[in-house]
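FYI, it's all coordinate maths here, none of it is from the lab. Here the structure is a predicted model, which is why all the values come from computation and not from measurement. Note that we place each Cβ from the backbone using ideal geometry, even for glycine, and neighbour counts take in every protein chain shown.
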Amino acid sequence: DTEVTQTPKHLVMGMTNKKSLKCEQHMGHRAMYWYKQKAKKPPELMFVYSYEKLSINESVPSRFSPECPNSSLLNLHLHALQPEDSALYLCASSQTDRENEKLFFGSGTQLSVL
Amino acid sequence: DAKTTQPTSMDCAEGRAANLPCNHSTISGNEYVYWYRQIHSQGPQYIIHGLKNNETNEMASLIITEDRKSSTLILPHATLRDTAVYYCIVRGLMNSGYSTLTFGKGTMLLVSP
């Protein structure tokens, strides 16, 4: 199994809603990542978890709250988002966070904030 | 991580080899060169990576110059399904002790019949 599974594939939410994005992998990887990608732009790193601990937060607003309940799961909790937060949210994993480890990406959650 | 420079777009005829260049003149000795591609609205797909030596796998070949300041990704027989944005990324250990994968603007490769 070399898949990173993201759910839901599409999400529409209002600015007052609370929602969560879910990411799962069963490759035994110990590093997991959240990226954000706006239309026609490259993916931008948001968070990195290494061995279930948050190791990198790229100055992401607090309305995005990551959670890593175990080594296979990564969540992104969303609250009070703005329309400009509409984007494709990508999850990735790698064996470790070392520079010689390739990342496997999920197909993303397309988020629309109304 | 060192910055990369890639052409904005390239064209290739189906069945021909696609050679995608990347400049990374500030690369340091412990930084790897990675190539990913992204087909519209899908997640990025790993293609290949290398440190100093040329590398080949079932998808592509990676040619790194001896001074490591540039590299070329070669898709030997391009198909229409290879139409995608191709990202060349240099990844190393940062001063913080962590390593991240930072995407640049990439090259839009259009393969046509």
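One table, with the values for the structure above:
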{"quantity": "Spread of Cα-to-Cα distances over 5 Å intervals beginning at zero, given as percent, for chain B", "calculated": "2, 13, 24, 25, 19, 11, 5, 1, 1, 0"}
{"quantity": "Cβ-derived FRET efficiency at R0 45 Å, A:ARG30 paired with B:HIS77, nearest 0.05", "calculated": "0.75"}
{"quantity": "Protection proxy ranking, peptides A:37-45, B:37-45, average beta carbon neighbours within 10 Å, highest first", "calculated": "B:37-45, A:37-45"}
{"quantity": "Spin-label model distance (nm) - A:SER55 vs A:THR7, 7 Å beyond Cα toward Cβ", "calculated": "2.8"}
{"quantity": "Across chain B: Cys residues that no other cysteine approaches within a C-beta distance under 4.7 Å", "calculated": "B:CYS12"}
{"quantity": "Those lysines that a straight Cα-Cα span of less than 19 Å connects to A:LYS18, excepting residues fewer than 8 apart in one chain", "calculated": "A:LYS9, A:LYS36"}
{"quantity": "Test item: B:37-50 mean partner chain Cβ contacts at 10 Å", "calculated": "4"}
{"quantity": "Two-decimal Rg/Rh across chain A, once Rg and the Kirkwood Rh are taken from alpha-carbon atoms", "calculated": "0.95"}
{"quantity": "Solitary cysteines of chain A, where the nearest other Cys Cβ is not under 4.7 Å", "calculated": "A:CYS68"}
{"quantity": "Whole-Hz ³J(HN,Hα) from phi, Karplus 6.51 cos²θ - 1.76 cosθ + 1.60, for the stretch B:39-54, glycine and proline x", "calculated": "7, 2, 6, 10, x, x, 10, 5, 10, 6, 8, x, 10, 10, 7, 5"}
{"quantity": "All Cα pairs of the stretch B:29-94, percent lying beyond 21 Å", "calculated": "24"}
{"quantity": "Exposed GluC sites (Glu not before Pro) absent: longest stretch of chain B, with sites in DSSP loops and at most 10 other Cβ within 10 Å deemed exposed", "calculated": "B:1-57"}
{"quantity": "FRET efficiency, B:TYR98 to B:LYS3 (Cβ-Cβ, R0 22 Å, nearest 0.05)", "calculated": "0.75"}
{"quantity": "Partner aspartates and glutamates for B:LYS105 [C-alpha distance under 12 Å; skip if fewer than 8 residues away on the same chain]", "calculated": "A:GLU44"}
{"quantity": "The stretch A:51-114: GluC sites (Glu not before Pro) in DSSP loop, at most 12 other beta carbons within 10 Å", "calculated": "none"}
{"quantity": "Percent of C-alpha pairs per 5 Å bin, the protein assembly as shown, short to long", "calculated": "1, 7, 14, 18, 18, 16, 12, 8, 4, 1, 0, 0"}
{"quantity": "Peptide A:26-35, shielding by other chains (average Cβ, 10 Å cutoff)", "calculated": "1"}
